[in-house]
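*Asks:* The structure's right below; bear with me while I get my questions together.
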Amino acid sequence: MRLVAVCGGVCMLWATLIGTTQLRNRYILPWILGSVLPCYFAGLFTWWHAPSSPVARRLLLTGTWLSIAVAVRHTSALMIRGWGWDLRVEVAGVPLALDFGLQILSRLCDLTVSILVVRLLALLPDGRYVFRHERLVLGALWGLVALPLLLPVAGMQMVTVNLVVFYYPEAWLPGLGAALLVLRCLRARSVGRPDIAALLPFASLAAAVLLARASSRLFRSWQGDDGILYFIGALLGALPYVSIAVTLVYAAFRHRLLGVDIELRRSAVYGSLWLIINSWYLGMALTLGLTAGLYLPVGLSLLIAVVATALFRPLRDRLNALVEQRVFGKRLSRFELLVQFGTTLEHAYDLDRLAPQLATALREGLRLSWVRVRLGGDGLPLYVAEAGEPPPGARPCEEFPLLYGQDALGLIEYGPKADGRRIEEDHDIGGTLARSAALAVHNVRLAAELSARVEEVQRQAAELTASRARIVHAQDTERRRIERRLHDGIQQELVALVAKLALARNRLNRGGDIDTALTDMQDDAYRVIDELRELAHGIHPPVLTDQGLVAAVTSCARRMPIPVTVQSQSSLSGVRFALDIEESAFYLVSEALTNVLKHADAKHVAVRITRDGGRLQVEVADDGVGFPTATTHGSGLTGMRDRTEAVGGELTITSRTGSDTGNGSGTGTVNGAGNGLRTTTGTVIRARLPEQVREESRA
């Protein structure tokens with residue numbers, strides 16, 4: 001078969017050379033480009049990848065015999081008309097009609113091509129016999145080879161021989177091959193060959209087209225026509241060879257027609273089909289233009305050639321687009337790719353889903369071997385997605401950072417194209433998608449920030465509602481406590497004092513001594529006054545109103561039964577803060593000291609009041625036993641937090657118990673203020689309050 005392939009190529013080149021340079025025949029090049037070259041190239045392609053396949057071998061033989069037939073036909077014409085050789089000579093007194101022999105040889109080649117086309121079509125898809133009638137019918141066709149020798153001997157004119165041997169077989173035998181394939185498909189299921197039966201729709205279509213082509217020869221003999229009729233005849237003549245070549249090459253690649261997997265780049269397959277289609281297109285356009293040049297002026301014939309090229313171009317483009325779609329799959333245009341990706345970005349709320357969608361869309365849209373997408377950063381988690389697998393150590397061909405202003409929000413990088421070469425438009429698409437993706441990531445970041453802020457506002461609103469409820473409840477509880485103390489304590493003291501006054505009056509009326517009674521009642525009155533003063537101090541200490549926060553805290557510390565150290569910055573001297581700030585700070589210290597007495601078992605407490613960064617900072621530290629802050633939520637701690645947050649402050653509590661090993665939330669220095677009080681246990685309560693100074697203290 002190698003010799004056959006070389007012979008076919010040499011004959012095709014020889015026919016092209018002598019036809020265009022010696023015979024100056026305008027129709028040789030269009031016929032070779034439109035029929036011979038597609039069929040020969042398709043046969044060479046299929047045989048190269050499946051040399052043992054009968055289908056590939058028959059297709060190569062068909063293309064080779066087409067080349068030989070053209071070479072023989074034009075070589076004989078060159079010898080007779082171009083060189084003027086007298087081919088009717090006598091050798092030893094015997095006349096030899098060599099021109100007749102060359103004509104017979106040419107017709108034999110043409111008939112062989114038609115028989116090979118029948119055998120090629122009738123035995124698809126594997127090229128092997130399945131039914132007995134196939135072997136009989138296809139074997140009998142070789143009997144037609146004897147007709148070019150027998151008919152002239154029988155006295156038939158050469159014109160009639162040409163019609164019988166070449167014209168009508170070339171017209172009807174391709175249709176006969178398609179009809180035999182239809183019969184083969186209809187009987188295939190009965191012998192368990194569903195692969196052959198599946199070809200029935202395609203075989204029926206081929207039979208209808210090729211038999212319709214043959215029927216046109218009944219009404220008109222296109223051979224020898226001129227002008228547009230010659231063009232139509234040439235188009236019908238090239239139809240079976242081009243259609244068979246394109247169909248078999250596509251089926252070999254796409255559906256394993258040859259029984260082997262063709263390991264070939266898709267671009268090479270597309271290039272092969274493109275060459276076949278465009279060779280046919282060029283041949284048809286040249287045929288029409290050259291035909292017009294025989295009868296019309298040069299300018300008008302050139303115009304007709306241009307018009308023919310324009311008329312056939314939509315069909316060529318449609319065939320190329322169809323081949324591209326079938327070989328490469330559906331390929332999105334730049335506009336379609338951007339629209340599809342824009343639709344994806346409309347619902348891009350999750351970077352974990354957006355990253356693989358972007359990588360897949362870019363890889364499929366640009367036909368890339370691999371794409372890697374990194375999304376996130378600048379406050380967002382990083383998500384990485386890959387479409388395709390890059391080779392180890394592969395470096396990207398293109399990189400597109402995702403920038404929004406000065407913020408780097410990710411990176412798109414991809415490797416070479418899976419098929420073909422990169423063009424400038426691919427770079428533009430990558431840059432456009434990178435800018436769109438950067439905007440999408442920025443929107444996701446804004447959405448995340450907004451969601452976090454909404455959650456924070458909701459949390460604060462919930463805490464504020466709960467804090468207000470607790471404050472109202474605490475106020476009610478405090479009022480009830482005051483009412484009970486007034487009712488059970490001071491009121492009872494006053495009732496007893498009234499009773500004593502009544503007894504003293506009665507004694508005075510009887511002339512008794514009431515000095516002792518008045519002294520007791522005076523002591524009782526002083527005791528009631530002390531209780532009222534203490535009650536008032538618990539409600540709102542007068543010293544806080546009169547002298548300010550530092551004095552009130554110092555007064556409270558003096559009444560504590562354990563040592564309490566109060567430290568304050570000198571800049572706080574004489575400074576009065578807003579009433580709600582002073583009350584919150586004072587009651588924070590008061591509640592903290594109360595908790596120390598109740599629960600801490602502390603030996604010493606340190607209170608520190610400072611100003612730091614525009615905030616009033618109050619800190620209470622003890623050396624007590626400490627407590628687990630994560631699980632302790634008493635009413636006292638909750639009340640301190642509510643009071644602090646109600647005025648816009650922040651409260652932090654750190655504590656270290658004796659079981660802590662240094663990984664807890666406490667600190668070795670209890671008050672953290674450098675007062676020298678160090679312990680392995682203890683609690684620090686620190687509040688940062690807004691520094692709202694009263695106008696009179698500023699003055």
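Quick grid of which residues meet (1) outside the structural domain of R641 (by TED's automatic domain parsing); (2) at pLDDT 85 or above; (3) surrounded by fewer than 22 Cβ atoms within 10 Å (Cβ to Cβ); (4) in a loop (DSSP other than H, G, I, E, B):
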{"site": "T554", "(1), (2), (3), (4)": "no, yes, yes, no"}
{"site": "M560", "(1), (2), (3), (4)": "no, yes, yes, yes"}
{"site": "I609", "(1), (2), (3), (4)": "no, yes, yes, no"}
{"site": "E619", "(1), (2), (3), (4)": "no, yes, no, no"}
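*Asks:* Anything in region 572-604 that is assigned to a loop (DSSP other than H, G, I, E, B), among the aliphatic types (A, V, I, L, M) and surrounded by fewer than 22 Cβ atoms within 10 Å (Cβ to Cβ)? List them, or say none.
*Replies:* Let us first name the residues in region 572-604 that are assigned to a loop (DSSP other than H, G, I, E, B), namely 573-576, 578, 601-604.
Going one step further and asking which of them are among the aliphatic types (A, V, I, L, M), we end up with 575, 578, 602.
The answer is V575, A578.
*Asks:* Please name all residue pairs, on different chains or six or more residues apart, with Cβ atoms under 6 Å, provided the first residue is in region 442-458 and is surrounded by 10 or more Cβ atoms within 10 Å (Cβ to Cβ) and the second residue is assigned to a helix (DSSP H, G or I).
*Replies:* Here the result reads V444/L351, each pair linking region 442-458 to a residue that is assigned to a helix (DSSP H, G or I).
*Asks:* Next question, about the same structure. Against the conditions (1) buried (at least 18 other Cβ atoms within 10 Å of the Cβ); (2) at pLDDT 80 or above, where does R435 fall short? Just the number, please.
*Replies:* (1)
*Asks:* To continue, here is another question. Assess whether D488 counts as being modelled with pLDDT of 80 or more and in a helix (DSSP H, G or I). Give the steps one after another, and end with the answer.
*Replies:* Numbers: modelled with pLDDT of 80 or more: no; in a helix (DSSP H, G or I): yes.
So D488 fails the test.
*Asks:* Step by step: first the residues of region 170-226, then only those that are over 46 Å from the mean Cα position of the chain (by Cα) and acidic (D, E), then the one that is modelled with the highest pLDDT. Which residue is that?
*Replies:* E170
*Asks:* Which of the residues spanning region 106-157 are farther than 24 Å from C185 by Cα and small (G, A, S)?
*Replies:* Hits for region 106-157 are S106, G143, A146, A154, G155.
*Asks:* Any idea which of (1) touching a helix residue (DSSP H, G or I) at 6+ places or on another chain (Cβ under 9 Å); (2) more than 24 Å from R688 (Cα to Cα); (3) among the basic types (K, R) is the one R510 doesn't satisfy?
*Replies:* (1)
*Asks:* Let me ask you something else. Only one of T64, T46 is more than 45 Å from the chain's Cα centre (by Cα) and of a type in the set (S, T, Y); which?
*Replies:* Working: T46 fails: more than 45 Å from the chain's Cα centre (by Cα).
Criteria check complete, one pass: T64.
*Asks:* Also, I was wondering about something else. A462 passes all but one of (1) at pLDDT 80 or above; (2) within 23 Å of Q357 (Cα to Cα); (3) part of a helix (DSSP H, G or I); which number fails?
*Replies:* With (1) at pLDDT 80 or above; (2) within 23 Å of Q357 (Cα to Cα); (3) part of a helix (DSSP H, G or I) applied to A462, the lone miss is (2).
*Asks:* Given the options R459, R435, R453, R468, name the one that is within 30 Å of C397 (Cβ to Cβ) and either among the basic types (K, R) or in contact with a Cys (Cβ under 6 Å, 6 or more places away or on another chain) (or both). Before the answer, list the steps.
*Replies:* Numbers: R459 fails: within 30 Å of C397 (Cβ to Cβ); R453 fails: within 30 Å of C397 (Cβ to Cβ); R468 fails: within 30 Å of C397 (Cβ to Cβ).
Going through R459, R435, R453, R468 in turn, the sole match is R435.
*Asks:* Going through region 408-421 one residue at a time, which ones are modelled with pLDDT of 80 or more and either farther than 16 Å from Y383 by Cα or among the aromatic types (F, W, Y) (or both)? So that I can check it myself, show each step before the final result.
*Replies:* The initial filter retains those residues of region 408-421 that are modelled with pLDDT of 80 or more, namely 408-416.
Listed by number, the residues that qualify are Y414, G415, P416.
*Asks:* Just checking, which of Y270, Y230, Y241 is modelled with pLDDT under 80, among the hydroxyl-bearing types (S, T, Y), buried (at least 18 other Cβ atoms within 10 Å of the Cβ) and over 39 Å from the mean Cα position of the chain (by Cα)?
*Replies:* Numbers: Y270 fails: over 39 Å from the mean Cα position of the chain (by Cα); Y241 fails: modelled with pLDDT under 80.
Matching residue, one of Y270, Y230, Y241: Y230.
*Asks:* Among P194, P125, which is the only one that is in the same structural domain as G8 (by TED's automatic domain parsing) and either among the hydroxyl-bearing types (S, T, Y) or free of Cβ contacts under 8 Å to residues at least 12 places away in the same chain (or both)? Working first, answer last.
*Replies:* Values: P125 fails: either among the hydroxyl-bearing types (S, T, Y) or free of Cβ contacts under 8 Å to residues at least 12 places away in the same chain (or both).
Only one candidate passes the filter, namely P194.
*Asks:* Right, here's the next one. So L494 fits all but one of (1) assigned by TED's automatic domain parsing to the domain that holds E582; (2) surrounded by 12 or more Cβ atoms within 10 Å (Cβ to Cβ); (3) not polar (S, T, N, Q); what number is the exception?
*Replies:* (1)
*Asks:* Right, here's the next one. Residues E424, E389, E346: which one is of a type in the set (D, E), within 30 Å of G271 (Cβ to Cβ) and at pLDDT below 75? I'd like the intermediate steps shown before the answer.
*Replies:* Numbers: E389 fails: at pLDDT below 75; E346 fails: within 30 Å of G271 (Cβ to Cβ).
After applying the criteria, what remains is E424.
*Asks:* When the residues of region 26-76 are narrowed to those that are among the polar types (S, T, N, Q) and not in a helix (DSSP H, G or I), which ends up surrounded by the fewest Cβ atoms within 10 Å (Cβ to Cβ)? Even if it seems obvious, please write down each step before you answer.
*Replies:* Filtering region 26-76 down to residues among the polar types (S, T, N, Q) leaves 35, 46, 52-53, 62, 64, 67, 75-76.
Those left that are additionally not in a helix (DSSP H, G or I): 52-53.
Values: S52: 11, S53: 19.
The selected residue is S52.
*Asks:* Quick one: V118 ticks every box in (1) assigned to a helix (DSSP H, G or I); (2) assigned by TED's automatic domain parsing to the domain that holds T64; (3) surrounded by fewer than 20 Cβ atoms within 10 Å (Cβ to Cβ) bar one, so which box is it?
*Replies:* V118 satisfies every listed condition except (3).
*Asks:* Only residues in region 52-74 that are in the same structural domain as A122 (by TED's automatic domain parsing) and more than 17 Å from S106 (Cβ to Cβ) count as the first member; pair them with residues that are of a type in the set (G, A, S) and surrounded by fewer than 24 Cβ atoms within 10 Å (Cβ to Cβ), Cβ under 6 angstrom, at least 6 apart or cross-chain, and list the lot.
*Replies:* Partner pairs satisfying both residue conditions: P54/G127; V55/G127; A56/A50.
*Asks:* Here is a list: G636, G626. Which entry is under 17 Å from T683 (Cα atoms), of a type in the set (G, A, S) and part of a helix (DSSP H, G or I)?
*Replies:* Values: G626 fails: part of a helix (DSSP H, G or I).
So the residue among G636, G626 that is under 17 Å from T683 (Cα atoms), of a type in the set (G, A, S) and part of a helix (DSSP H, G or I) is G636.
*Asks:* Pairs under 7 Å by beta carbon, first residue in a helix (DSSP H, G or I) in region 173-189, partner modelled with pLDDT of 90 or more and not aliphatic (A, V, I, L, M), six or more apart or different chains?
*Replies:* V182/S204
The values are calculated or read from the model by the stated rules, or taken from the named source; none is laboratory data. Please read all numbers here as calculations on a predicted model, not as lab measurements. Cβ coordinates were reconstructed from backbone atoms using ideal geometry, including for glycine residues, and neighbour counts include every protein chain displayed.
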